[in-house]
1. Spot the failing condition for Gly3; the list is (1) over 16 Å from the mean Cα position of the chain (by Cα); (2) within 26 Å of Ala106 (Cβ to Cβ), and only one is missed.
2. Six or more apart or on different chains, Cβ under 6 Å: which pairs go from a residue in region 113-124 that's surrounded by fewer than 24 Cβ atoms within 10 Å (Cβ to Cβ) to one that's small (Gly, Ala, Ser) and part of a loop (DSSP other than H, G, I, E, B)? Could you list them?
3. How many residues are surrounded by 10 or more Cβ atoms within 10 Å (Cβ to Cβ), farther than 16 Å from Leu100 by Cα and of a type in the set (D, E, K, R) if we restrict to region 15-34?
4. Is there a residue in region 83-101 that is at pLDDT 95 or above and over 30 Å from His153 (Cβ atoms)?
5. Filter region 60-88 down to residues that are more than 17 Å from Arg138 (Cβ to Cβ), among the hydrophobic types (A, V, I, L, M, F, W, C) and either in contact (Cβ under 8 Å) with a residue 12 or more places away in the chain or assigned to a helix (DSSP H, G or I) (or both), then give me how many there are.
6. Within the set of pairs 6+ apart or on separate chains, which have a first residue in region 37-59 that is free of Cβ contacts under 8 Å to residues at least 40 places away in the same chain and under 14 Å from Gly15 (Cβ atoms), a second that is surrounded by fewer than 18 Cβ atoms within 10 Å (Cβ to Cβ) and polar (S, T, N, Q), and C-beta atoms under 9 Å apart?
Amino acid sequence: MRGKQARKREIKPDGVYGSVLVTKFVNYLMLDGKKTAAEKIMYQALESLAEKTKMRPLEALDIAINNVKPKIEVRSRRVGGANYQVPVPVSEERQLALALRWIVAACRDSRGSKTTAERLAEELLAATKREGTAYKKREDTVKMAEANKAFSHLSW
């Protein structure tokens, strides 16, 4: 690394639920700085999720995100002219970032004429049931790490 490490910014909790997690999710959802639109989508999705799961919105969101968080991933490592996929544990911060990114990407990629809020609610519901595109992405990441366990001695 060159220079100084960038300082972590303090993220303020959102206005409705008082949750930093919801604020982070809104920031991942936001496009072109339109935070109010992203918040509206998020709150609609959480209300819809709460109705479908019969749980409190934050509880259901927490379950969905925890189901999508990867505990292990692979990183490329060059050793003696060959590239190896080396399994490494994932930090808690990166686990959350990957989970949020995968859920938002799955929501954006899903086809259909539904609104973004409906697609997000469906993806979160699928994640609570350990299904859906984001969960599949996690499973693929974990499988890749398992398959390359033989190279774990090459880790940093």
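1. Checking Gly3 against (1) over 16 Å from the mean Cα position of the chain (by Cα); (2) within 26 Å of Ala106 (Cβ to Cβ), the one that fails is (2).
2. Short answer, once both residue conditions are applied: Arg119/Ser110.
3. Residues in region 15-34 being surrounded by 10 or more Cβ atoms within 10 Å (Cβ to Cβ), farther than 16 Å from Leu100 by Cα and of a type in the set (D, E, K, R): 1 in total.
4. Yes, some residue in region 83-101 is at pLDDT 95 or above and over 30 Å from His153 (Cβ atoms).
5. First, the residues of region 60-88 that are more than 17 Å from Arg138 (Cβ to Cβ): 60, 76-84, 86.
Restricting the remaining residues to those that are among the hydrophobic types (A, V, I, L, M, F, W, C) gives 60, 79, 82, 86.
Of the ones still in play, those that are also either in contact (Cβ under 8 Å) with a residue 12 or more places away in the chain or assigned to a helix (DSSP H, G or I) (or both) are 60, 79, 86.
Matching residues across region 60-88 total 3.
6. Close Cβ pairs satisfying both conditions: Ala38/Asn27.
The values are calculated or read from the model by the stated rules, or taken from the named source; none is laboratory data. Here the structure is a predicted model, which is why all the values come from computation and not from measurement. Every residue, glycine among them, receives a Cβ derived from its backbone with ideal geometry; neighbour counts consider all protein chains shown.
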